[in-house]
Every structure is written in structure tokens, then in C-alpha cells.
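Peer 1: Just passing along the structure, written as C-alpha cells.
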Amino acid sequence: MLIILRQDCTNEQCTEVEEAVVRLGYKPLPVPGENRTAICITGNKGPVDPGPLIRLPGVLECITVTKPYKLVSREVHPENTVVRVGGVEIGGTKPVVIAGPCSVETEARTLAIAEAAKAAGATMFRAGAFKPRTSPYSFQGLGKEALVTLGRVREQFGLPIVSEVLDSESVEPMQDYVDVLQVGTRNMQNFSLLKKLGGVRKPILLKRGLAATFEEWLMAAEYLLAGGNEEVILCERGVRTFNDHARNTLDLNVVPLVRRVSHLPIVVDPSHGVGTRERVRPMARAALAAGAQGLLIESHTDPGMSYTDAAQTVSTNTLADIVRDMDVLSGLEPLH
Ligand code: PEP
Ligand code: MN
């Protein structure tokens, strides 16, 4: 908070304000200006109540400067957060590639996709066991059986597993099979789920809500950190706009913004962001060039046969091309 003093504020009144700040348990930092002085409040862990300060004779106004998403902000945590899972670092020096089908399929097929994804250079495997579908008649995921398959993928190929946690009830069954719990776009503001996940000892990949502002997204992350879970990875996956030429509008603006205002790692999911497989690789390049610390790519050995999201699923050959692009682009000097 910034306390703006009146132009005619006397030295005594200024001291009175500083003493009031100290009494509240904070540290006053006077910032002298050309016409008037401001006092910056530092050392507060949460929002400051302006009530006792605004009433003091020398005070003109109190301005809140600290972002509402305090714990996710660099203001309180200047160093980058690096999430470590099964030997992979997210937010470290090298971008990660989280690849795999939209949904877990038969065990044989899922293992074959995982093998091909690993050979293509994927560092983590993704696939949904519980699917959030627009229609209740559409394939809902293979549930528990899919979790067992994901466990086999991890066992055979050593790839850490990312999978969507659809509701509070699935947190427990996922514990033994999944390394990173994905909160899908439709659940970004499911506050009871976020509260539950704040108490879970597993990293969370938090997708941006399909119509969420930047601030709403970071506030959703704040729920996780406020609950005690600091291992949060942000994921931009496109938002709804008036555009009808793509499934969503991949908003790469947020990449340098997140890297500037937050210490949390950010990955980009161009698959859901474009909805068409031909455009996944160009937008993956763009995401990396913008500073994404990883990519989430829906990929399959036979994309057209994917149980879900076939139109946006790339082949594992294209995945290998994306990994090659990444090696070129990750050498770029960061600009945020
Ligand atoms: C997915 O990753 O398959 C998925 C359903 O993602 P989103 O929540 O971004 O739609
Ligand atoms: Mn999908």
C-alpha cells in the first residue's frame, strides 16, 4: 500500500503516520516526491486495512499497490520456482515436453504411444483417465482402469505422468499413479477443488480457464499456494474469443507477462489452443519463442484414431519435429 500525504502535511503529521504504520506491525518507507511525500508500506504478508491510516490528519489517500495474487507474485518470491518431478525440472534451464494422447486408450495402444513419444523426445507423459466432456453421451474416460495403464507407462518408460483431476473424489485414487495433477480449463475456478489440492503433496498443472482473465487465473493459483501447495505450473491453453477460425485463441501475451510478474513456471498447450493439428507446430514454435518453459502436446501414433480430440492430435513424428524446434529455440536469450 502507498499512503499519499497532503501537500500541507507537517513533519509531525508525517511522523504520526509512520508511527501508525509501525504500530500495525509494518515498515514505513517514505518516498519523497516533488510536491508531496508518499509512504510505502512494506513487510505486510496480506492486504493492509487502510481504515486506521486514512483517518490521520496528514493523509490524502491510500492506494493499494500490491497485486491481489501475493503468493504467486515475484514481489514476495523473486526467484523462479522450479517444480521437480521424477528427475524432470519444470521451470529449470530446459523446456519440458509433456506429450501423449488426449485420453488413455487401451493399455497396448497407450504403451505404444508412450514408447513413441519417449523416442521423439518427450520428457513427461500425459493422458486423461477422467474426461470433462461437453456431452454426457460422449466418451468419459476409462477411469480407474486408465490409472492402472498410466502406472504401467511410468514403470516401463520412466516418464512422469500428468493427468486431469476432474473432482475432489478422484484425488485419492490418482495418488499412486499420477505425478502431476492437471486442473482443466473448466475447473480453474472450482474453488473447493482448488482448496483440496492446496493440501495435496503433488504438483498441480493449472490450465487457464476458457474465459479467465490473467488476474482470475493467478488468483486460482493463489488458492493452491495459500493452501500450502507451492508446486504449481501454469498452463496457457487458449481462451474463447469472437474468432471462429480456431477452437480457441492461444493467448501468448501471457507468457512474458507470467514470467515477469510470477515466479511460477508457465507451459503452453498449443493443441487445445488451436484445435487443428496443422497449426500445432507453428504455435509451439511461437510459444517457445515467447519464453514458455514447456509444451503440452496431444500426440498419438495414429492421430486420426484418437478416442478424443483427434483433430488437434499430432503424430509422434511431428512431435519429434517439435522437439527439434525446441532445441533450436531454447537457445534464445529470454526477453521478459
Ligand atoms: C486436456 O488436456 O485434454 C483437456 C481436456 O484440456 P482443457 O482443460 O484445456 O480443455
Ligand atoms: Mn484433449
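Peer 1: Checking Leu147 against (1) within 16 Å of ligand 2 (Cβ to nearest atom); (2) out of contact with any Ser or Thr (no Cβ under 6 Å at 6 or more places or on another chain); (3) open to solvent by less than 10 Å² (accessible area, probe 1.4 Å), which test does it fail?
Peer 2: (1)
Peer 1: Also, I was wondering about something else. Considering the range 309-325 alone, what residues qualify as being under 23 Å from the mean Cα position of the chain (by Cα) and either of a type outside the set (A, V, I, L, M, F, W, C) or not assigned by TED's automatic domain parsing to the domain that holds Lys118 (or both)?
Peer 2: Asp309, Gln312, Thr313, Asp325
Quick grid of which residues meet (1) of a type in the set (Ser, Thr, Tyr); (2) under 26 Å from Ala284 (Cβ atoms):
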position	(1), (2)
Leu193	no, no
Gly199	no, no
Ile204	no, yes
Phe214	no, yes
Met219	no, no
Leu225	no, no
Thr241	yes, yes
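Peer 1: Sort through Arg259, Arg277 and tell me the only one that's more than 30 Å from Tyr223 (Cβ to Cβ) and of a type outside the set (A, V, I, L, M, F, W, C).
Peer 2: Going through Arg259, Arg277 in turn, the sole match is Arg277.
Okay, residues lined up against (1) in a helix (DSSP H, G or I); (2) at pLDDT 95 or above; (3) over 21 Å from Ala311 (Cβ atoms); (4) among the charged types (D, E, K, R):
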site	(1), (2), (3), (4)
Gln182	no, yes, no, no
Arg186	yes, yes, no, yes
Gln189	no, yes, yes, no
Leu194	yes, yes, yes, no
Leu205	no, yes, yes, no
Glu216	yes, yes, yes, yes
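Yes/no matrix, rows are residues, columns are (1) closer than 16 Å to Ala119 by Cβ; (2) not in a strand (DSSP E or B):
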| site | (1), (2) |
| --- | --- |
| Ala292 | no, yes |
| Leu295 | no, no |
| Glu298 | no, no |
| Tyr307 | no, yes |
| Ala311 | no, yes |
| Thr318 | yes, yes |
| Val323 | yes, yes |
| Asp327 | yes, yes |
| Pro334 | no, yes |
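Peer 1: Let me ask something else. Of the residues that make up the range 143-157, is at least one in the same structural domain as Lys118 (by TED's automatic domain parsing), of a type outside the set (S, T, N, Q) and in contact with a Lys or Arg (Cβ under 7 Å, 6 or more places away or on another chain)?
Peer 2: yes
Peer 1: Would you mind listing the strands (runs of 3 or more DSSP E) fully within the range 75-135 where at least 2 residues are touching a residue at least 12 places away in the same chain (Cβ under 8 Å), more than 14 Å from ligand 1 (Cβ to nearest atom) and out of contact with any Phe, Trp or Tyr (no Cβ under 7 Å at 6 or more places or on another chain)?
Peer 2: Where strands (runs of 3 or more DSSP E) fall fully within the range 75-135 and carry at least 2 residues being touching a residue at least 12 places away in the same chain (Cβ under 8 Å), more than 14 Å from ligand 1 (Cβ to nearest atom) and out of contact with any Phe, Trp or Tyr (no Cβ under 7 Å at 6 or more places or on another chain), they are 83-85, 88-90, 96-100.
Peer 1: Touching a residue at least 40 places away in the same chain (Cβ under 8 Å), away from ligand 1 (no atom under 16 Å from the Cβ), among the charged types (D, E, K, R) and more than 25 Å from Val104 (Cβ to Cβ): is that true of Glu231 in this structure?
Peer 2: Here the answer is no, as Glu231 does not meet what is asked.
Peer 1: Give me a count of the residues in the range 1-32 that are more than 42 Å from the chain's Cα centre (by Cα) and at positive phi.
Peer 2: Number of matching residues: 0.
Peer 1: Among the residues of the range 240-255, are any touching a Leu at 6+ places or on another chain (Cβ under 9 Å), under 19 Å from Ala122 (Cα atoms) and of a type in the set (Lys, Arg)?
Peer 2: The answer is no; no qualifying residue exists.
Peer 1: I need the full set of residues from the range 178-210 which are more than 16 Å from ligand 2 (Cβ to nearest atom) and open to solvent by 50 Å² or more (accessible area, probe 1.4 Å), in order please.
Peer 2: The answer is Gln189, Phe191, Ser192, Lys195, Lys196, Gly199, Arg201.
Peer 1: Go through the range 275-301 and give me each residue that's open to solvent by 10 Å² or more (accessible area, probe 1.4 Å) and within 16 Å of ligand 2 (Cβ to nearest atom).
Peer 2: Listed by number, the residues that qualify are Gly275, Thr276, Arg277, Arg279, Met283.
The values are calculated or read from the model by the stated rules, or taken from the named source; none is laboratory data. None of these values were measured; they are calculated from a predicted model. In this analysis, Cβ positions are derived from the backbone assuming ideal geometry, glycine residues included, and neighbour counts consider all displayed protein chains. Heavy atoms of the whole protein, side chains included, go into the accessibility calculation; ligands, DNA and RNA do not. Shrake-Rupley method; radii C 1.70, N 1.55, O 1.52, S 1.80 Å.
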